[in-house]
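A.B. asks: Please read through the structure below; I'll follow up with questions.
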Amino acid sequence: MVVTLTALEVAVPETVLHQDEVRDIFASQPGISRLATRLVNASFNASGIETRHSAVAEMDLQERPESAEAPHFFDSTNRHILNPSTRVRNDVYVDEATQLYVDAAAAAVTACEGIENTDVTHVITVSCTGFFSPGPDYRIVRGLDLNPSVQRYHLGFMGCYAAFPAMRQAKTICDADPDAVVLVVSVELCSIHVRVSDDPDTILGSSLFGDGAAAAIITGRDLNGERALQLDHFETVITPVGEEAMAWNIGDNGFEMVLGTYVPKIIDAHIIDALAPLLAHDPPLAARDYREIEHWAIHPGGRSILDKVEAKLELNAQQLIPSREVLRRFGNMSSATVMFVLKEILEQPGSTAGERICSMAFGPGLTVETGLFTTIGANPRE
């Protein structure tokens with residue numbers, strides 16, 4: 001039986017952050033050192049990002065939203081970035097993430113021809129940027145009026161690679177139950193955890209992360225869709241080193257990112273070994289040069305990571321355009337990001353059926369998640 005991803009929709013908050021404007025604000029904050037100011041300018045300028053989206057309306061530098069309430073995140077009168085408590089930050093997550101979960105999920109169901117709300121049998125939600133209960137899985141069931149007996153799962157606090165365990169679990173469910181229809185929804189509001197600091201990891205995170213949501217319908221049903229992804233194989237590898245290089249911790253004033261500058265070097269050293277178990281499922285594919293695989297959906301954790309992957313695997317620049325384009329327009333949205341990249345590939349004009357997609361994401365541990373897909377149907381757009 002073939003398990004397919006038959007609809008893939010994305011959503012972002014309305015507030016747009018322009019990288020050069022946010023850079024100047026961070027660089028001008030009171031109390032940061034001269035070294036930190038230089039790091040801010042270097043990190044933002046080298047990011048490969050032009051715009052990001054934020055669920056924090058106070059950060060809208062274009063509209064200057066007015067409110068009778070005192071600001072929590074950004075004081076537009078003096079352009080100071082504030083430092084709210086973890087509770088205040090999570091309250092924003094509860095309100096804003098819920099809407100994104102429901103909106104993205106509804107869009108995916110609507111886009112999936114032959115599937116109605118009542119057909120959904122399982123809901124898997126993904127996030128590492130906030131918590132609440134009843135959680136997003138519950139809110140989706142209520143918001144979309146799904147069957148109350150829908151089975152629900154939430155993958156929390158896994159980081160940037162978590163879309164892969166979600167898709168893998170969905171495939172496992174569909175392999176066991178050919179009639180299953182699994183709704184996978186990832187929502188990350190990274191920007192609610194932004195803070196001012198002299199710490200290089202914090203500065204790097206502030207230059208990279210944005211907010212976004214992605215939702216997919218995964219099923220073994222034959223829906224005769226025009227364009228879809230066949231889910232072939234998934235694998236997980238923990239690199240021998242790097243446990244301290246990437247982490248995500250809960251602090252008193254939000255979640256705290258550890259993102260060592262040597263992460264790209266770790267990926268460079270271990271990416272070949274991380275790919276081997278995935279490609280071993282398909283020996284003819286494993287025998288080909290990496291650049292002969294049509295598409296590479298690489299999680300754009302940062303421009304330096306994409307540069308390392310491209311150089312190490314000797315890919316051509318065209319193969320990483322989807323990843324670089326997502327990074328340029330949206331930044332790093334943690335677990336949702338690779339779904340944005342897969343959507344870019346699915347919607348490439350002139351693409352045909354039978355093309356292979358090798359996908360990777362990196363996260364705490366240092367963990368490398370990989371997935372292999374095959375395109376179904378041709379994209380009619382030219």
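The values are calculated or read from the model by the stated rules, or taken from the named source; none is laboratory data. What you see is a predicted model, and the numbers here were worked out from it, not measured in a lab. Counting neighbours? That spans all protein chains shown, and the Cβs are built from the backbone with ideal geometry, glycine included.
A.B. asks: Under 6 Å by Cβ, and 6 or more places apart or on different chains, what pairs join a residue from region 195-215 that is more than 21 Å from residue 329 (Cα to Cα) with one that is small (Gly, Ala, Ser) and surrounded by fewer than 24 Cβ atoms within 10 Å (Cβ to Cβ)?
C.D. replies: 198/33; 198/36
A.B. asks: Need pairs with beta-carbon distance below 8 Å; first residue closer than 23 Å to residue 301 by Cα and within region 219-247, second of a type in the set (Phe, Trp, Tyr) and in a loop (DSSP other than H, G, I, E, B); sequence gap 6+ or separate chains.
C.D. replies: Qualifying pairs under 8 Å: 245/262.
A.B. asks: Of the residues 37, 77, which single one is among the hydroxyl-bearing types (Ser, Thr, Tyr) and either farther than 26 Å from residue 302 by Cβ or assigned to a strand (DSSP E or B) (or both)?
C.D. replies: Working: 37 fails: either farther than 26 Å from residue 302 by Cβ or assigned to a strand (DSSP E or B) (or both).
Criteria check complete, one pass: 77.
A.B. asks: If you don't mind, another one. Regarding residue 276, is this residue within 21 Å of residue 364 (Cα to Cα) and either crowded, with 22+ Cβ neighbours inside 10 Å or touching a Lys or Arg at 6+ places or on another chain (Cβ under 6 Å) (or both)? Show your work before the answer.
C.D. replies: Values: within 21 Å of residue 364 (Cα to Cα): yes; either crowded, with 22+ Cβ neighbours inside 10 Å or touching a Lys or Arg at 6+ places or on another chain (Cβ under 6 Å) (or both): no.
So residue 276 fails the test.
A.B. asks: Sticking with this one: Please go through region 3-20 and pick out each residue that is surrounded by 15 or more Cβ atoms within 10 Å (Cβ to Cβ) and either assigned to a helix (DSSP H, G or I) or more than 25 Å from the chain's Cα centre (by Cα) (or both).
C.D. replies: First, pick out the residues of region 3-20 that are surrounded by 15 or more Cβ atoms within 10 Å (Cβ to Cβ): 3-13, 15-17, 19.
Matches in region 3-20: 19 only.
A.B. asks: Can you name the strands (runs of 3 or more DSSP E) wholly within region 117-232 that have at least 1 residues being touching a Lys or Arg at 6+ places or on another chain (Cβ under 6 Å) and over 26 Å from residue 57 (Cβ atoms)?
C.D. replies: Details: elements: 122-127, 151-156, 181-189, 211-219.
Answer list for region 117-232: 122-127.
A.B. asks: Filter region 354-374 down to the residues that are part of a strand (DSSP E or B) and aliphatic (A, V, I, L, M), then identify the one that is farthest from residue 293 (Cα to Cα).
C.D. replies: Applying the first criterion (part of a strand (DSSP E or B)) to region 354-374 yields 356-363, 367-374.
So of that shortlist, the ones also aliphatic (A, V, I, L, M) come out as 357, 360-361, 368, 372.
On the way: 357: 7, 360: 14, 361: 17, 368: 19, 372: 10 Å.
The extreme case among them is 368.
A.B. asks: Keeping to region 324-349, report how many residues are part of a helix (DSSP H, G or I) and over 11 Å from the mean Cα position of the chain (by Cα). Write out each step before concluding.
C.D. replies: Filtering region 324-349 for residues part of a helix (DSSP H, G or I) gives 324-330, 334-346.
Keeping just the survivors that are over 11 Å from the mean Cα position of the chain (by Cα) gives 324-325, 328-329, 343-346.
Of the residues in region 324-349, 8 are part of a helix (DSSP H, G or I) and over 11 Å from the mean Cα position of the chain (by Cα).
A.B. asks: Determine whether residue 331 is at pLDDT below 95, touching a strand residue (DSSP E or B) at 6+ places or on another chain (Cβ under 7 Å), surrounded by 18 or more Cβ atoms within 10 Å (Cβ to Cβ) and not β-branched (Val, Ile, Thr).
C.D. replies: No, not satisfied.
A.B. asks: Let me ask another. Does residue 125 qualify as being over 23 Å from the mean Cα position of the chain (by Cα) and within 18 Å of residue 166 (Cα to Cα)?
C.D. replies: Numbers: over 23 Å from the mean Cα position of the chain (by Cα): no; within 18 Å of residue 166 (Cα to Cα): yes.
Considered against the rule, which asks whether it is over 23 Å from the mean Cα position of the chain (by Cα) and within 18 Å of residue 166 (Cα to Cα), residue 125 comes out as no.
A.B. asks: Then there's this: Name the residues in region 180-201 that are more than 27 Å from residue 147 (Cβ to Cβ), hydroxyl-bearing (Ser, Thr, Tyr) and buried (at least 24 other Cβ atoms within 10 Å of the Cβ), would you?
C.D. replies: Of everything in region 180-201, just one residue is more than 27 Å from residue 147 (Cβ to Cβ), hydroxyl-bearing (Ser, Thr, Tyr) and buried (at least 24 other Cβ atoms within 10 Å of the Cβ), namely 191.
A.B. asks: Sticking with this structure for a sec: Would a scan of region 290-297 turn up a residue that is under 15 Å from the mean Cα position of the chain (by Cα), among the aliphatic types (A, V, I, L, M), closer than 29 Å to residue 17 by Cβ and part of a helix (DSSP H, G or I)? Reasoning before the result, please.
C.D. replies: Restricting attention to region 290-297, the residues satisfying the condition of being under 15 Å from the mean Cα position of the chain (by Cα) are 297.
Next cut, among the aliphatic types (A, V, I, L, M) only: 297.
Filter again for closer than 29 Å to residue 17 by Cβ, leaving 297.
From what's left, part of a helix (DSSP H, G or I): none.
Checked region 290-297: no residue is under 15 Å from the mean Cα position of the chain (by Cα), among the aliphatic types (A, V, I, L, M), closer than 29 Å to residue 17 by Cβ and part of a helix (DSSP H, G or I).
A.B. asks: So which of 205, 242, 225 ends up being buried (at least 20 other Cβ atoms within 10 Å of the Cβ), more than 19 Å from the chain's Cα centre (by Cα) and modelled with pLDDT under 95? Break it down stepwise before answering.
C.D. replies: Numbers: 205 fails: more than 19 Å from the chain's Cα centre (by Cα); 225 fails: buried (at least 20 other Cβ atoms within 10 Å of the Cβ).
Selected residue: 242, the only one of 205, 242, 225 that is buried (at least 20 other Cβ atoms within 10 Å of the Cβ), more than 19 Å from the chain's Cα centre (by Cα) and modelled with pLDDT under 95.
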